[in-house]
Amino acid sequence: DTAVSQTPKYLVTQMGNDKSIKCEQNLGHDTMYWYKQDSKKFLKIMFSYNNKELIINETVPNRFSPKSPDKAHLNLHINSLELGDSAVYFCASSRGRDRGLYGYTFGSGTRLTVV
Amino acid sequence: DQQVKQNSPSLSVQEGRISILNCDYTNSMFDYFLWYKKYPAEGPTFLISISSIKDKNEDGRFTVFLNKSAKHLSLHIVPSQPGDSAVYFCAASAITTSGTYKYIFGTGTRLKVLA
């Protein structure tokens, strides 16, 4: 059973398109995250939700909009895709607003390529 | 501004020997430090963490050491096994302006354990 699952695994799309990435966790965690790993391998947080409430919103273009219909799901919608959006996007979840005691459980990532 | 740095992009170690992965940080307010392991095409997997009030934490073959005065931590793997070959990310937990926590990751060190 996959704990944190993301779909799709690969996404190739043209500039200007709108796309969504879905994430679901079956761990009973109440906090979920989106991280972006860029070409320099930096893993940077984008958003975090706790029980459907947005608790972290880093400096991300407003073309990126997260949506959490319930605490088991956190989707990422991206409007007007640009070349610089090409990256691997990781979803993660944790028990509570984890300080570092338990760690996050990550999904396997979605590789987005904008052409 | 890279607050968590892993200055060695790669490391090769003979099977059975000790692997030492290093990480430096700049922010003395970090609360917890974590190590993650990542295989290709998978998400990072939580390995071990240490609170900022401790200087050592051990879990089986993995030990993390924290030197707060030097703002340095290291992960020791003894004995190293071929299955340990992966990219290892160091992360630090920082409180945000909203009172929650986020992880700041280093860029990773690729460990290769030679049989």
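Taken residue by residue and averaged, Cβ atoms of other chains lying within 10 Å of the Cβ of B:102-115 number 3. The lysines whose alpha-carbon is closer than 21 Å to the alpha-carbon of A:K40, local same-chain residues fewer than 8 away aside, are A:K9, B:K5, B:K37, B:K38, B:K102, B:K112. The relative contact order of chain A, computed from alpha carbon pairs under 8 Å that lie at least 6 residues apart in sequence, is 36 percent. Electrostatic bookkeeping for A:F90 treats Lys and Arg as +1 and Asp and Glu as -1; over the other residues with beta carbon under 11 Å from its beta carbon, the sum is +3.
Going by the alpha-carbon gyration tensor, a ≥ b ≥ c the square roots of its eigenvalues, is chain B rounded (a/c under 1.5) or, if a/c is not under 1.5, prolate (a/b greater than b/c) versus oblate? Taking the square roots of the gyration eigenvalues as a ≥ b ≥ c, chain B is prolate.
For the pair region A:29-105 and region B:46-106, the centres of their Cα atoms are 21 angstrom apart.
Sequence-distant contacts, meaning Cα pairs under 8 Å at least 6 residues apart, place the relative contact order of region B:4-114 at 37 percent.
Ignoring aspartates and glutamates fewer than eight residues from B:K71 along the same chain, the ones with Cα atoms less than 18 angstrom from its Cα are B:D1, B:D24, B:D31, B:D55. For region A:42-84, the relative contact order comes to 29 percent (Cα pairs under 8 Å, sequence separation of at least 6). The P(r) of region A:4-114 has a tail past 24 Å containing 17 percent of all C-alpha pairs. Across all directions, the average flat footprint of the convex hull enclosing the Cα atoms of the protein assembly as shown is 12.6 nm². Amide hydrogen proximity for A:M46: with H placed 1.01 Å from N in the peptide plane, the residues at 5 or more positions away or on another chain lying under 5 Å are A:W34, A:Y35, A:K36.
When the Cα positions of B:P79, B:A94, B:Q2 are compared along the charge dipole of chain B, B:Q2 comes out farthest toward the positive end, with charges on each C-beta of Lys, Arg, Asp and Glu. For A:K52, the lysines whose Cα comes closer than 16 Å to its Cα, not counting residues fewer than 8 places off in the same chain, are A:K22, A:K67, A:K71. Taken about its Cα centre, region B:4-114 carries a charge dipole of roughly 180 debye when the Cβ of each Lys and Arg holds +1 and the Cβ of each Asp and Glu holds -1. Rounded to whole numbers, the Karplus 3J(HN,Hα) couplings from phi for region B:70-75 are 8, 6, 9, 9, 9, 10 Hz, using 6.51 cos²θ - 1.76 cosθ + 1.60 with θ = phi - 60°, and x at Gly and Pro.
The numbers here are math on the coordinates, done by the rules we state, and not lab data. Because the structure is predicted, anything quoted here is derived from the model rather than measured. All Cβ positions, glycine included, derive from the backbone under ideal geometry; neighbour counts span all protein chains shown.
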